[in-house]
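Colleague: Before I ask anything, here is the structure I am working with.
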Amino acid sequence: MVGRRNPDALLQCNTYLRTFDVAGKRDTHWCIDPGSQLDYAEVRRHLIMHLGSLAELSYFSLNHQDPDVVANLVPLTEENASLTGFVSEDAWRLVRHLGARPKELRFAHRFRGEKIDFAGGHRVLTVPTPFCHFRGAMAFYDLESRVLFSGDLFGGLNDPGRLQLWAEEEDWPGIAIFHQIYMPSREAVAYAVNQIRALDPPVEVIAPQHGFVLRGQFMHDVMERLERLPVGMDRLPRELDDEFLDRYQVVFQQAMEIATAHFGRPEVLRRLSFRDEKPPETATCIRVTPTDATLLTEGIQVLPWLVNVLSEGESPAFRNTLKLSVLEACLQQNVPLPQIAPGMETEETDRWIG
């Protein structure tokens, strides 16, 4: 892994380097998902640390076109004009607008896996994972190491400061939340999981583009859980907010307790009392008294506002802790997730537009 590990982030961007040893020739180097421009200095430093020079890099692959996955391709191709890339046509149709100029592209087939032959007889299998979370998403399976580079599939949020390599049981909530936010449907995820289970030889390690690397029994447990997890279209709020009100009230109170432990109940209630700063539809959704605050209705709308109000002016670490606690509580209560943006670890904040 040659990406940047940011202790303040809820969402790590993982860039990987795979080196193939070729007898009698220089090694062949392959960069998987070059990553975000926010991390380029670290990615570049790590690549040079391993390679000596970016000119030694031979190949890159892209799972899909999102900027956190592909943006570093632009400076990489500026520094190394001889790169060859593996990507689906659907993804490259969008990536090309960034202006990256690789020497050669090899388009991975969108419906069936194909083997890519590297120097020295090394082979990598393309594994289409359609709509996880993009139509042309493509995972890459290193047949020799038995590592699957899965892109966003199997990715997850992480607690701030938690930077270990391997995923553990306590990381499951972050994986579940990530998929509920970014994957379109349970059917799409289940199809991809079945494709992965059918690989021969069987996968031993799954290396996603976000979060932690999976292996062993926990890897198999995550595959089974993701097959059953309602995500995306399965969890649209529609008319369910009233049905889930009592559960959203639990989440609301948990967020209040976290803020109270941080700066005290009087300050929490003072912040919640400013009616002018609420979006109009939120002003009648909570009741604030001198000693308490209560969620009355529209929990899925109120919770993003609550996070913003309680974390305004506080550190990014506190803001991310509050966000993650609300999302994890919604997962525990089995309710649709509110529109809370994880991964905004800078001083930038979500704002109501109205």
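The values are calculated or read from the model by the stated rules, or taken from the named source; none is laboratory data. Since this is a predicted model, take the numbers as computed values, not measurements. Here the Cβ is made from the backbone with ideal geometry for all residues, glycine too, and neighbour counts use every protein chain on show.
Colleague: Residue under question is THR291, and the condition is that it be modelled with pLDDT of 90 or more and not in a helix (DSSP H, G or I); does it hold?
Modeller: Spelling it out, THR291 is indeed modelled with pLDDT of 90 or more and not in a helix (DSSP H, G or I).
Colleague: Could you list all residues from the stretch 12-45 that are part of a loop (DSSP other than H, G, I, E, B) and at pLDDT 90 or above?
Modeller: Within the stretch 12-45, GLN12, CYS13, ASN14, THR15, ASP33, PRO34, GLY35, SER36 meet the criteria.
Colleague: So, GLY232, is that one small (Gly, Ala, Ser) and modelled with pLDDT of 90 or more or not?
Modeller: Spelling it out, it is not the case that GLY232 is small (Gly, Ala, Ser) and modelled with pLDDT of 90 or more.
Colleague: What is the one condition in (1) assigned by TED's automatic domain parsing to the domain that holds ARG123; (2) on the phi < 0 side of the Ramachandran plot that GLY3 does not satisfy?
Modeller: Here GLY3 clears every test but (1).
Colleague: Pull up the stretch 176-207, narrow it to residues that are assigned to a loop (DSSP other than H, G, I, E, B) and among the charged types (D, E, K, R), then point me to the one that is surrounded by the fewest Cβ atoms within 10 Å (Cβ to Cβ).
Modeller: ASP200
Colleague: Quick one: in the stretch 105-120, of everything that is aromatic (Phe, Trp, Tyr) and within 26 Å of the chain's Cα centre (by Cα), which residue is modelled with the highest pLDDT?
Modeller: PHE107
Colleague: Could you count how many residues in the stretch 1-34 are surrounded by 17 or more Cβ atoms within 10 Å (Cβ to Cβ) and either under 15 Å from GLU79 (Cβ atoms) or in contact with a strand residue (DSSP E or B) (Cβ under 9 Å, 6 or more places away or on another chain) (or both)?
Modeller: So the count comes out to 15.
Colleague: Name, by its number, the condition in (1) hydrophobic (A, V, I, L, M, F, W, C); (2) touching a residue at least 40 places away in the same chain (Cβ under 8 Å); (3) surrounded by fewer than 21 Cβ atoms within 10 Å (Cβ to Cβ) that does not hold for ALA137.
Modeller: Among (1) hydrophobic (A, V, I, L, M, F, W, C); (2) touching a residue at least 40 places away in the same chain (Cβ under 8 Å); (3) surrounded by fewer than 21 Cβ atoms within 10 Å (Cβ to Cβ), ALA137 violates only (3).
Colleague: Can I ask one more? With the stretch 70-175 as the region, which strands (runs of 3 or more DSSP E) entirely inside it contain at least 2 residues that are of a type in the set (Gly, Ala, Ser) and either outside the structural domain of LEU229 (by TED's automatic domain parsing) or within 22 Å of ASN194 (Cα to Cα) (or both)?
Modeller: 147-151
Colleague: Return the pair list, or none, for Cβ contacts closer than 6 Å from residues in the stretch 194-210 that are in the same structural domain as GLU114 (by TED's automatic domain parsing) to residues that are of a type in the set (Asp, Glu), at least 6 apart or on different chains.
Modeller: That search, which allows pairs on different chains as well, returns GLN209/ASP33; GLN209/ASP152.
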